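The values are calculated or read from the model by the stated rules, or taken from the named source; none is laboratory data. Just so it is clear, the model here is predicted, and its values are computed rather than measured. Cβ placement follows ideal geometry from the backbone for every residue including glycine, while neighbour counts extend to all protein chains displayed. Side chains are part of the model used for accessible areas, which takes the heavy atoms of the whole protein and leaves out ligands, DNA and RNA. Shrake-Rupley method; radii C 1.70, N 1.55, O 1.52, S 1.80 Å.
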Amino acid sequence: MVKLVKEEELEDELDVENIEGVGPTTRDKFYAAGIYDIKQILTFSPQDLVEILGISYDKAVEISNKARKKLTELGLMESTFSAASEVLKRRLTIDRITTGSNNLDSLLGGGIEVGALTEFYGEFGSGKTQICHTLCVTVQLPKEKKGLDAGAVYIDTENTFRPERIETIAKARGLNPENVLKRIFVGKVYNASHQELLTREIPNYIERENCRLVIVDSAMTHFRAEYVGRSMLSERQQKLNRYLHTLLRLAEIYKVAVVITNQVQAAPDVFFGDPTKASGGHVMAHASTYRIYLRKSGKNRIARIVDSPYHAEADAIFTLTDAGIGDPEENTKK
Ligand code: GTP
Ligand code: MG
């Protein structure tokens, strides 16, 4: 049964203390960890909850299940099977954010999708960080201009976030740069565990500041730097897997777009075609809903969508401009 609650009562209903079986002690542990509402709990796996709260695995599973039950009662989550026609109807109304390039938007079926994890990977200078900067601006555009009138959270692991670049992109798109900068929340992270910690705080920004875009540029840098060599590979992949699934749940539960970037590495076993592949192996490949491979082509960039659940493998050409990402002029002029 879906329980009808008024908008203003929803916040109270979502308090962690409303989960069946959560008493004052567990509730206080949640609060101490900065976790206040039920949605936030569901961004964690039971194993995460064990570590964050110091509770048993069984108790963590029980809390996860009860939290999910509560959300379905409140009508915030589907509880059972849906007819595919219903699923299609929901997909057609899914919110998207323009990348700034019509070509790239078309490749993606209309822009970056909320509720999904989109990965851009490619060599240095291929435009990954430029795409991230552009999206932080375009997400703020009104819906009729293919934005979501919302803010962005930016996790910067490589120290390449540049507010000055945001200013230029905002100006070029007719927005007030000062207002645009105020709606982007930047976290510079220093190591993998700091990255995990800051990521846990993202729900607060999503809810308080109406952010609908989460950027992690780049997702793997610290994992790669801290878990070096074959002996650490399986531990690294396990950590990375857990991290990416936290991001994926964030996208699904809060209906935000999560965009991550990733580097390429040489693939010496490839004899034909492009001898590079995305870092992170199968773990990365499976976590991302959409993967876009970027290549340089002179002044332009070529984006290819790979392994998509519903796009055919196809290419799009875009370019890097003062306004961030755009379509090459040759397209219209020649
Ligand atoms: P790594 O992080 O090093 O792996 O690369 P990346 O894929 O993030 O590359 P990035 O997005 O930083 O792209 C850099 C390219 O963007 C540069 O080669 C510039 O050509 C271009 N670029 C950066 N700023 C501007 C700008 O203000 N105007 C224009 N037109 N191009 C810019
Ligand atoms: Mg970059």
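Couple of notes before you dig in:
- Its Cα gyration tensor gives region 90-332 an equivalent ellipsoid, and the semi-axes of that ellipsoid, as √(5λ) in whole Å with the largest first, are 26, 22, 17.
- The aspartates and glutamates within cross-link reach of residue 171, meaning a Cα-to-Cα straight distance under 17 Å and a gap of 8 or more places when in the same chain, are 149, 322.
- Legend: residue pairs 89/143; 69/89; 29/59; 128/296, Cα-Cα distance threshold 21 Å; pairs beyond threshold, 69/89.
- For the chain, the longest principal axis of the Cα atoms and the long axis of helix 57-73 meet at an angle of about 80 degrees.
- Value of [θ]222 nm, deg cm²/dmol, for the chain, DSSP H segments ≥ 4, -39500 (n - 2.57) each, nearest 500: -12500 deg cm²/dmol
- Check: the chain dipole with +1 on Lys, Arg Cβ and -1 on Asp, Glu Cβ, in debye: 800
- Label-to-label distance, residue 91 versus residue 9, with points set 7 angstrom from Cα along the beta-carbon direction: 3.6 nm.
- Segment residue 230-residue 312, length gained on full extension (0.36 nm per residue, minus Cα span): 26.0 nm
- Residue 51 sits with roughly 120 Å² accessible to a 1.4 Å probe, with DNA, RNA and ligands left out of the calculation.
- Accessible-area composition of the chain, carbon plus sulfur, in percent [1.4 Å probe]: 52
- Here each label is just a point 7 Å from Cα along the line to Cβ, and for residue 72 and residue 176 those points are 4.6 nm apart.
- Helix 230-254 axis versus longest C-alpha principal axis of the chain: approximately 80°, rounded to the nearest ten.
- Nearest-0.05 FRET efficiency for residue 31 and residue 274, computed from C-beta distance (R0 41 Å): 0.25
- At the residue level, residue 212 shows approximately 40 square angstrom of accessible surface with a 1.4 angstrom probe and all protein chains present.
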